[in-house]
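Taking it in order: structure first as structure tokens, then the write-up.
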Amino acid sequence: MKSYDVVALGELLIDFTENGVSGQGNPIYEANPGGAPCNVLAMLNKAGRKTAFIGKVGQDIFGNRLKATLDGVGIDTSNLIIDEEARTTLAFVETFPDGDRDFSFYRNPGADMMLRKEDVHENLIRDTKIFHFGTLSMTHDGVREATKYAIGLAKESGAVISFDPNLRPPLWKTLDDAKVQVSYGLSKCDVLKISDNEIQWFTGEEDYDAGIAKLRSEYDIPLILLSMGRDGSRAYYKDLRVEAKPFLQESTIETTGAGDTFGACCLHFVLKYGLDALDVEKLSEMLTFANAAASIVTTRKGALRVMPEVEEVEAFLESRA
């Protein structure tokens, strides 16, 4: 028996999100703890799963607050390293009227980029059922080596490999470099969570089904989860294609963390049912719950600290039945 349900590696940072204007008319930014891997872990903790994070933050105000935040939500921080030299990465998030976002990163370098192979606790990875990663830990050589080393350890130990490309174009020298690393992730994962715009970008196909078919012709990925924002989500498993409707709300204020919440809920169901015997009923249950949880998060600022309880998601689903 393994001690951890999910261990994730990657970025932990501060998302500065707009929160009104000052008396002088200047935008006010709220410092929200963020980073996709830890958003995923935070939701999994709400679902009663045991999680741990591997990464680096700076020895600064934000790094110390981030560690305290992870400790507060119950994520194991034994492999969160405090870097004495590099500063904690910052992201400024601009939210558009339709809820979509644009990012400006302060990360040259940021502490999350400074994770190295020798920093990774081998025993932690060997002791998890699922290992989760994205591409922000693959933008530069040193942290990329650490990520690939961790993936190798996880595969050796029989863990399910979960991958979310989480494409952020400003962080790459070129998008061709990004495609190379996304391709590597696709070649290693058992569960892929990918967004509508990412599948179009990677495959060149406008139609989502055509894009997924092209992906599956090149990579052997047992479960592919496609998030489509206000159009809902789909799961592709063996010869099954299951779709679930979205839960749109008038009180939506931003989409930060919605995809991470969705992906985390899907991993919760993978832990519940396994990857070998999924069917239409289980996949529908998975997607419906994940869509509901993601919808709730869109009504809140930030993500990591405001993930919904399972009971809250269930009550929300009952109210929409």
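Yes or no, residue by residue, for (1) in contact with a His (Cβ under 8 Å, 6 or more places away or on another chain); (2) modelled with pLDDT of 95 or more; (3) of a type in the set (D, E, K, R); (4) outside any helix (DSSP H, G or I):
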residue	(1), (2), (3), (4)
GLY23	no, yes, no, yes
VAL40	yes, yes, no, no
PHE53	no, yes, no, yes
ARG65	no, yes, yes, no
THR69	no, yes, no, no
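Only one residue in ILE212, ILE194 is among the β-branched types (Val, Ile, Thr), without any contact (Cβ under 8 Å) to a residue 60 or more places away in the chain, outside any helix (DSSP H, G or I) and touching a Leu at 6+ places or on another chain (Cβ under 8 Å), so which one is that? Even if it seems obvious, please write down each step before you answer.
Numbers: ILE212 fails: outside any helix (DSSP H, G or I).
Among ILE212, ILE194, only ILE194 is among the β-branched types (Val, Ile, Thr), without any contact (Cβ under 8 Å) to a residue 60 or more places away in the chain, outside any helix (DSSP H, G or I) and touching a Leu at 6+ places or on another chain (Cβ under 8 Å).
Would you confirm whether or not region 12-21 contains a residue that is modelled with pLDDT of 95 or more, more than 30 Å from ARG230 (Cβ to Cβ) and of a type outside the set (D, E, K, R)?
No, because not a single residue in region 12-21 is modelled with pLDDT of 95 or more, more than 30 Å from ARG230 (Cβ to Cβ) and of a type outside the set (D, E, K, R).
Among the listed residues ILE81, ILE151, ILE125, identify the single one that is part of a strand (DSSP E or B), within 19 Å of CYS38 (Cα to Cα) and not hydroxyl-bearing (Ser, Thr, Tyr).
On inspection, the qualifying residue turns out to be ILE81.
Would you list the helices (runs of 4 or more DSSP H) that sit entirely within region 241-321 and hold 3 or more residues that are of a type in the set (Val, Ile, Thr)?
On the way: elements: 258-273, 280-297, 310-320.
Counting at least 3 such residues, we get 280-297.
Quick one: LEU304 ticks every box in (1) at pLDDT 95 or above; (2) in contact with a strand residue (DSSP E or B) (Cβ under 7 Å, 6 or more places away or on another chain); (3) under 19 Å from VAL6 (Cβ atoms) bar one, so which box is it?
(1)
Of the conditions (1) polar (S, T, N, Q); (2) within 18 Å of ILE81 (Cβ to Cβ); (3) under 18 Å from the mean Cα position of the chain (by Cα), ASN123 fails just one. Which one is it?
Every condition holds for ASN123 apart from (3).
So, in region 170-187, of the ones that are crowded, with 19+ Cβ neighbours inside 10 Å and in contact with a strand residue (DSSP E or B) (Cβ under 7 Å, 6 or more places away or on another chain), which residue ends up nearest to PRO222 (Cα to Cα)?
LEU186
Quick one: which residue in GLU285, GLU309 is of a type in the set (D, E, K, R), surrounded by fewer than 18 Cβ atoms within 10 Å (Cβ to Cβ) and either farther than 25 Å from ARG65 by Cβ or in contact with a Pro (Cβ under 9 Å, 6 or more places away or on another chain) (or both)?
Numbers: GLU309 fails: either farther than 25 Å from ARG65 by Cβ or in contact with a Pro (Cβ under 9 Å, 6 or more places away or on another chain) (or both).
None of the other options fit; the residue is GLU285.
All but one of (1) part of a helix (DSSP H, G or I); (2) buried (at least 20 other Cβ atoms within 10 Å of the Cβ); (3) under 19 Å from the mean Cα position of the chain (by Cα) hold for PHE133, so report the exception by its number.
(1)
Just checking, does region 165-180 include any residue being in contact with an Asp or Glu (Cβ under 9 Å, 6 or more places away or on another chain), modelled with pLDDT of 95 or more, under 23 Å from CYS38 (Cα atoms) and not in a loop (DSSP other than H, G, I, E, B)?
no
Filtering region 1-16 down to residues that are surrounded by fewer than 24 Cβ atoms within 10 Å (Cβ to Cβ) and touching a residue at least 24 places away in the same chain (Cβ under 8 Å), which residue is farthest from ILE253 (Cα to Cα)? Give the derivation first.
Keep residues of region 1-16 that are surrounded by fewer than 24 Cβ atoms within 10 Å (Cβ to Cβ), which gives 1-5, 16.
From what's left, touching a residue at least 24 places away in the same chain (Cβ under 8 Å): 2-5, 16.
Working: LYS2: 39, SER3: 37, TYR4: 34, ASP5: 31, PHE16: 15 Å.
Checked region 1-16; the qualifying residue farthest from ILE253 (Cα to Cα) is LYS2.
The values are calculated or read from the model by the stated rules, or taken from the named source; none is laboratory data. These figures come from a predicted structure and were not determined experimentally. Don't worry about glycine lacking a Cβ; one is built from the backbone with ideal geometry, like all the others, and counts go over all protein chains shown.
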